[in-house]
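The values are calculated or read from the model by the stated rules, or taken from the named source; none is laboratory data. Being a predicted model, the structure only gives us computed values, none of them experimental. Positions of Cβ are backbone-derived with ideal geometry, glycine not excepted, and every protein chain shown enters the neighbour counts.
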Amino acid sequence: MGFFDVCGCTSVCVNLDDALANEVDARSGHIRMVQAHEDLLPTPCALEEISADPYAAEDTLGDIISTVSLVRDRCTTTRISIPHGVGLLEAIDKLAKTKSQTRSASMTSEVLRALLQSLE
């Protein structure tokens, strides 16, 4: 997976679901690197602009083109308290265990996945 607005950033996986899941880490890491070097981030292109670009059309022949919103990783975390029922917490913990994640990491990845899906 490549990003027209973030040159040099890619996410490579076996299937589209994994690529989309890894996309957030790949792009946010690349953007942190660009900002660390005090380079300017490019202005995002509209999907129509990318589709109308003859170079993009040639590069993406047969590919899936999608837009993905940028969720800036501010490199800091904050602790929050969200009350849940015991049954829901058990289900969250079970899901987290299947992904070898903590409860917080699992909840975060699922929220990010839902955000990405809402943009489709």
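Quick notes on this structure:
- Positions within region 34-50 being without any contact (Cβ under 8 Å) to a residue 40 or more places away in the chain and either in a helix (DSSP H, G or I) or in contact with a strand residue (DSSP E or B) (Cβ under 8 Å, 6 or more places away or on another chain) (or both), in sequence order: 34, 35, 36, 47, 48, 49
- From 21, 52, 56, residue being within 20 Å of residue 109 (Cα to Cα) and modelled with pLDDT of 70 or more: 21
- Options 92, 31: the member that is closer than 19 Å to residue 9 by Cα, at pLDDT 75 or above and part of a helix (DSSP H, G or I): 31
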